[in-house]
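Input: a single structure, listed below in structure tokens.
Please treat every number below as a calculation from the coordinates, not as lab data. Being a predicted model, the structure only gives us computed values, none of them experimental. Don't worry about glycine lacking a Cβ; one is built from the backbone with ideal geometry, like all the others, and counts go over all protein chains shown.
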Amino acid sequence: MADKKIMTTMHEKDMQKVTAAQTVTKIIVQFLLYAFLCIMALIIVFPFYWMIISSLKSTVEYRLPIPTLFPQDIMWGNYIEAFTAANLGKLFMNTVYVGIVSTILSLVITVLSAFAFARLEFKGKNALFAGLLATMMIPGELFTITNYVTVTKFGWLDSFTVLIVPFLVSVFYIYLLRQNFLQIPNELYLAAKVDGTSDLKYLWKVMIPLSLPNLISITILKMMGAWNSYVWPRLVTSTDDYRLITNGLRDAFTDMSGQANIPVQMAAVTVVSIPLFLVFIFLRKYIMKGVSRSGIKG
Amino acid sequence: MKKFLQKIKFEEWKAWIYLAPAVALLLVFTVWPIINTLRMAFWEDYSIMKELGGTLGNEFGLKNFEKVIKYRGFIDCLKNTMLLTVLTVPISTILALVIAVCLNAIKPLQRFLQTIFFLPYVTNSIAIGMVFEAMFNIVGFGTSNPSYGIINNILGVFGADPINWINAGSGYWQNIAVLTIYIVWNALPFKILILLGGLQSVNKQYYDAAKIDSTPRLRVFTKITVPLLSPMIAYVVITGFIGGFKEYSSIVGIFGDDMQAVGGESLNTMVGYIYDALGNQEGRASAAALILFAIIFVVTMINMYVSKKKTHY
Amino acid sequence: MKIVLQNLTKVFPSRNKKSNEEVVAVSDLSFTIPDGKLVGLLGPSGCGKSTTLYMISGLQKPTGGQIFFGEDDVTTLSPENRGVGLVFQNYALYPHMTVKQNILFPLQNLKGADKLDKNTMLERALEAARLVQIDNLMDRKPSELSGGQQQRVAIARALVKMPRVLLLDEPLSNLDARLRLQTREEIRRIQRETGITTIFVTHDQEEAMSISDVIVVMKLGVVQQIGKPQTVYDNPVNLFVAKFLGTPPINVFKANVKGGKLYINGEAVLDVQGVADREVFAAIRPEGFIPAENGAMTCTLSSIEVMGRDVSIVSKNEAMLTPTIRSIVDADYKISATAQTVKFDLKPHKVFIFDSETEERIYFGDQSAPETGI
């Protein structure tokens, strides 16, 4: 090895050249990086921008051959029209009601099951848990068919029950929370038992506070699920008394003649999107955490 | 000893009480559907109406599957689904990878841009689908004075003629192009989040080592970044395929729920087919759902097999 | 190729944004590393030795000062253009590549005059692998190797392109004691065989002393002393260096000089001509004690440990600043285990006297002035 030529050394002149080239490359690379990212970011953001400015345009302005990038006259009236056209007020309340009730019930069920799987001993525990996990592989559409039949038989069509009950149990959330509970040392549980603390009190005082971040993630994802659900409510509801906001939004504006009042439509879309943005701005951390663990949307 | 046994028994009881609500709901809404789907799928022309009327179906066997597969509408759905999956998964994965790598290479504005790129995740796919519809839509289509929409106007800046993307008489490929753009836009945030998370957990020393060895940037990307990220890439591709085969609401968002009103050729997908069959053809819907499950299962297995060979450690 | 560091300084901005405290990792460092030598950068953690190494590699940019490779000023050159080889503390072997691919990797990046064809590359890789004796493991992944084997692969990868300088960051810290002894000998051998100027960083003085041509002792970003290991050991310039080198560590006493004599605990233990009367620290190497019935220095005996060839006497006295006084004497000396006290005479060249304020050495015994150069 010793006879091998050691790497070429450089001379003073080359050094300066290399140093200069190095700096130039660095600047160019940084420039390209930022340019690319900014262009991509613009593309990502553009639909939102277009949604908001379109919602404030008049129909006449919207139909100008060359679209304006900012509304000439700001038409707040579009929003009022949107609320009436799509009955957004009523649908909004429906959605919030379904979201809150199903989130609360779902949390209770999830916490109790996760506790049983994490802390209690019973026959068939592991088999049952494995069975639950296995159902996660099956696409939801397969359940939808029978569930549709089932709720029809139960006479649940057109009710809030049908929107809430079938989706109360999420195997994934049970799994997530069980893993979280398992990380809490068992000694705490045993100590609580020695002190005569009841299970429920222990759950409430120790486990729930310790797994709060996960519970918040679950809450947000569950609420977003209600907000964004489209297929199931469309199948099982037919009146505005029980329909959810996304259905109302799509159905109110299904006019492909090209003559639809798009600014009003965009106003409705903005109304539906704004709560999501607010949640995103204030609770981004929990959403991103929940998402990177689950990969499930809503 | 007796006391101990009693205690165990008590604990078993308690566990089942805690699990009762979950188990009951799962039995009705998860376990029964699995059994029932099989039952419905194998009774020819089964429908709930018929069952309420006292008959299950004509004969027990594979007739439903045969009818579904032979039915042209289903083949179109299958074709649309496959096409969209095959187009969107690679495009969104590669784009997400490039964006994640770029994001990981900058310092100022990194968090801000990261937030921007995550934005489409927290949206209602129907609602934003309607925005995309509006952007591609030609207002006053067919009149003497149409407004070609913002996308056509932007393309016009580069000298392109306006294209009929989604209005009446629009071509199949134009429709598919719009859908692909929307689905990719929608799929990017999750992929970027996962890939960036992966990049940030890669030991920085590998990059230092590559620098010491004068590795060109492209080679760092192909020989170090991609292999080290391969588990995340595999994950993103597998979930992408699963999501792609279940594509439905993005199309409803843009084209409305008949998914057809425009060019004549249906843009319906497998999931759409299943939903459309509900109400009178539950037997065929079940057969289609089982076919979908089988496809997803096979594709996932292939993906896992390939990624096991290609990912390291 | 010789390496010259001139007034090298590295200041890290404070991590805490509120306080503007800057951390000076390396301060005004200047020394020259002669061509083809093995140099150990030695010091406790946080002394700036790793930072110095990373500045030489180019992975960190100095805040001030210059670095020369031979005649070339490489200060602003990025690591890609320096042609150094670096062995990381955790080896940083690419986990998805086999040993062979890992070693080949740097060769495939060579360009211009250094570019090699495929066969030469394979040959060179095999040669490097043979040098570190891992040529039988070429198709394994790093995860299938032991720590010692990984370490050799890392050395092979750093060496294979025949770098102008080889840098090693705490190369032995992840190895167990036996492997460490074996590997450090190997580093020495490989360095001799290749003749590449090599710098390694360690906090283990024994390691540095045993294989380096030259050691550089650092403390808090400042070089304390540079020299051949034995020279530094025999002639520490200050109390820090004296304490840092040697196992068992040197014994330190509060002492004073009066009328040309060194007093420890009120006893005159040594003649020190030419030192003015003052308070001092006296440091005595463990091998500097000679037990003698009428010895000048009296200590209370604590225990005696027989270690075969040597005997270690552990004792105490009032003036000591180290927890015990440990002396290593020849096993021929017989000391009664029941004795309460032990008396020593001192070997003058094993006794160092330091100023009690500056901790600088003020008396050099019967030796010539210490060499601080190389």
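See the values below:
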quantity	calculated
Label-reachable residues, the range B:223-255, where backbone N falls under 18 Å from a point 7 Å from residue B:202's Cα toward its Cβ	B:223-237
Exercise: per-residue mean of other protein chain Cβ atoms within 10 Å, C:79-92	5
Residues residue B:72 and residue C:122, FRET efficiency given R0 of 51 Å [Cβ-Cβ distance, rounded to 0.05]	0.30
Order of C:218, C:55 - criterion: other Cβ atoms within 10 Å of each residue's Cβ, fewest first	C:55, C:218
Convex hull of chain C built on C-alpha atoms - directionally averaged projected area, nm²	23.0
Convex hull per residue volume in Å³, alpha carbons only, for the range A:190-279	139
Value in Å of the Kirkwood radius, where chain A supplies the Cα pairs that are averaged	24.1
Percentage relative contact order, chain B, counting C-alpha pairs under 8 Å, at least six apart	28
Compactness of the range C:229-374, expressed as Rg and Dmax over alpha-carbon positions, Å	14.8, 48
Pairs from B:107/C:10; A:57/A:222; B:204/C:115; A:17/C:10 whose Cα-Cα separation, in the structure shown, is over 29 Å	A:57/A:222
Debye log10 I(q)/I(0) at q = 0.09, 0.17 Å⁻¹ for the range C:118-243, Cα point scatterers	-0.31, -0.91
Descending semi-axes in whole angstrom, ellipsoid equivalent of the range C:1-106, from the Cα gyration tensor	26, 20, 13
Volume per residue of the C-alpha convex hull in the protein assembly as shown, rounded to whole Å³	261
Cα extents of the range B:104-143 along the three principal axes, largest first (Å)	51, 20, 11
Residue-averaged 222 nm ellipticity for chain C, from DSSP H runs of 4+ at -39500 (n - 2.57), nearest 500	-6500 deg cm²/dmol
Shielding of A:271-281 by partner chains, average beta-carbon count, 10 Å	3
Full-extension gain in nm, residue A:190 to residue A:97, via 0.36 nm per residue minus C-alpha separation	29.6 nm
Tail weight of P(r) past 17 Å, computed on alpha-carbon pairs of the range C:238-295, percent	45
Quarter of Cα convex hull surface for the range B:48-194, i.e. mean projection, nm²	14.7
Range of Cα positions in chain B per principal axis (Å), largest first	76, 68, 33
Ranked list, fewest to most other Cβ atoms within 10 Å of each Cβ, for C:74, B:89, A:45, B:157	B:157, A:45, B:89, C:74
Pairwise FRET efficiency - residue A:133 versus residue A:239, Cβ, R0 = 30 Å, nearest 0.05	0.20
For the range B:2-91: Kirkwood Rh in Å [reciprocal of mean 1/r, alpha carbons]	17.6
Estimated FRET transfer efficiency when R0 is 41 angstrom, pair residue A:126-residue B:306 (beta carbons, to 0.05)	0.85
Paramagnetic reach from residue A:64 in the range B:133-168 [backbone N under 20 Å; point 7 Å along Cα→Cβ]	B:134-141, B:144-158, B:162
Unit Cα scatterers, Debye sum, the range B:151-217: log10 I(q)/I(0) for q = 0.21 Å⁻¹	-0.92
Inter-site label distance for residue C:360 and residue C:300 at 7 Å from Cα along Cβ, in nm	3.7
Whole-angstrom Cα spans of the range A:116-227 along principal axes, big to small	50, 30, 23
C:299, A:38 arranged by Cβ crowding within 10 Å, fewest neighbours leading	A:38, C:299
Exercise: per-residue mean of other protein chain Cβ atoms within 10 Å, A:163-170	3
Chain B: calculated mean residue ellipticity at 222 nm from DSSP helix runs of at least 4, using -39500 (n - 2.57)	-23000 deg cm²/dmol
Surface/4 estimate of mean projected area, convex hull on alpha-carbon atoms of the range C:51-178, nm²	8.7
